[in-house]
């Protein structure tokens with residue numbers, strides 16, 4: 001059922017809930033690409049069904065991949081052994097960064113002399129991808145962007161010859177992950193050298209872990225260079241996809257800001273997702289955190305402590321932390337936010353703008369936010385900028401700021417289509433109009 005254009009929230013004294021979170025978008029879209037390249041059939045259990053993952057499966061279907069989603073959350077993919085078909089038209093990725101980046105590299109396995117065009121919504125045409133295309137060119141692939149270094153992207157098929165390439169590590173780890181996932185089918189060994197300090201290293205760890213799970217060997221030399229032997233083959237398999245740690249953060253932050261208790265099930269210290277480090281930051285803010293291999297429980301303090309935190313490794317957690325910082329006992333500083341400028345929106349600017357609406361003092365730096373809690377909060381209508389994380393992070397604020405309104409709440413469909421239903425079940429009374 002379509003969501004209304006706005007949702008009004010109501011503050012709560014405290015919360016207590018046990019929740020389950022749908023599958024990880026990051027793991028799902030990596031698994032889809034790997035399974036599509038694999039030899040044999042893969043059954044992906046717990047796969048996420050959202051706008052981003054549907055963009056990926058739609059594009060893979062155009063490349064000749066047989067994808068059979070099931071209501072149970074299991075998705076069956078028949079692998080192509082690294083040989084995609086030539087698509088009849090352009091691949092439309094919507095605003096899915098993982099889809100366009102991962103498929104920009106993998107599309108090289110379309111037939112020789114065929115051209116694969118990848119394009120998206122207007123915002124996607126503002127999201128840089130030239131660094132990835134330049135790296136592919138160094139490996140012998142013809143990869144062209146538009147004049148501003150952004151999509152649409154034109155990839156000439158015929159495979160990846162291989163060799164050595166350099167790629168900047170300071171803008172997005174997804175460029176490196178795209179190269180890593182495509183490299184095993186190259187004609188000769190691939191060496192990828194990282195220029196600068198690599199951001200979001202946990203996401204590269206995730207990629208390498210999943211490649212290994214599907215039978216691939218790759219060498220990581222301290223995140224400075226990577227070696228992938230040629231002519232390897234992913235092997236189709238049964239694979240369980242974890243709940244999304246990024247999306248779990250909103251429920252755990254609810255406990256932190258209200259002094260309540262929330263348990264997230266089926267996600268714990270065994271996770272391959274770097275964003276589970278979010279609970280460590282909540283501990284720094286004074287929360288009591290219980291960790292098991294398969295669950296996290298957070299109990300918030302009477303008053304959160306301010307933090308000075310570098311979010312380089314977990315940038316998708318920055319918005320949740322920014323909202324939590326509004327309810328601390330003093331100013332907090334979040335740094336390492338450079339990559340947020342080129343996400344679904346300019347998340348640094350958007351957070352600063354919307355936090356000021358509720359009375360928070362915010363100093364916006366090129367790569368940082370300095371957040372000073374107000375003596376009193378103000379109700380406001382929060383714009384979400386077609387960014388799922390803006391909507392979900394401000395849901396946390398709505399537990400403390402009465403009558404907060406979220407504009408375009410449906411933008412959560414990108415990664416968490418039933419977010420508001422689950423929020424309402426976990427925290428009854430927190431949504432006034434639904």
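The values are calculated or read from the model by the stated rules, or taken from the named source; none is laboratory data. Keep in mind that what you see is a predicted model, and the values were worked out from it rather than measured. Here Cβ is always computed from backbone atoms with ideal geometry, including for glycine, and neighbour counts include all displayed protein chains.
Out of (1) within 24 Å of the chain's Cα centre (by Cα); (2) crowded, with 17+ Cβ neighbours inside 10 Å, what's the single condition that is false for residue 2?
(2)
Give the residue that is farthest from residue 245 (Cα to Cα), with candidates limited to residues of the stretch 22-54 that are crowded, with 24+ Cβ neighbours inside 10 Å and without any contact (Cβ under 8 Å) to a residue 60 or more places away in the chain.
32
Kindly evaluate residue 402 against the criterion of being touching a strand residue (DSSP E or B) at 6+ places or on another chain (Cβ under 9 Å) and surrounded by fewer than 17 Cβ atoms within 10 Å (Cβ to Cβ).
Yes, satisfied.
Got a number for residues in the stretch 378-399 being over 17 Å from residue 248 (Cβ atoms), outside any helix (DSSP H, G or I) and either in contact with a strand residue (DSSP E or B) (Cβ under 8 Å, 6 or more places away or on another chain) or free of Cβ contacts under 8 Å to residues at least 60 places away in the same chain (or both)?
Count: 10.
What are the residues in the stretch 408-433 that are crowded, with 17+ Cβ neighbours inside 10 Å and in a strand (DSSP E or B), if any?
Listed by number, the list holds a single entry, 431.
Could you grab me the full set of residues in the stretch 165-196 that are in contact (Cβ under 8 Å) with a residue 60 or more places away in the chain and assigned to a loop (DSSP other than H, G, I, E, B)?
170, 171, 172
Please find, among 186, 143, the residue that is within 26 Å of residue 221 (Cα to Cα), modelled with pLDDT of 95 or more and buried (at least 19 other Cβ atoms within 10 Å of the Cβ).
186
Within the stretch 334-349, is there a residue that is buried (at least 17 other Cβ atoms within 10 Å of the Cβ), more than 21 Å from the chain's Cα centre (by Cα) and outside the structural domain of residue 97 (by TED's automatic domain parsing)?
Within the stretch 334-349, none of the residues are buried (at least 17 other Cβ atoms within 10 Å of the Cβ), more than 21 Å from the chain's Cα centre (by Cα) and outside the structural domain of residue 97 (by TED's automatic domain parsing).
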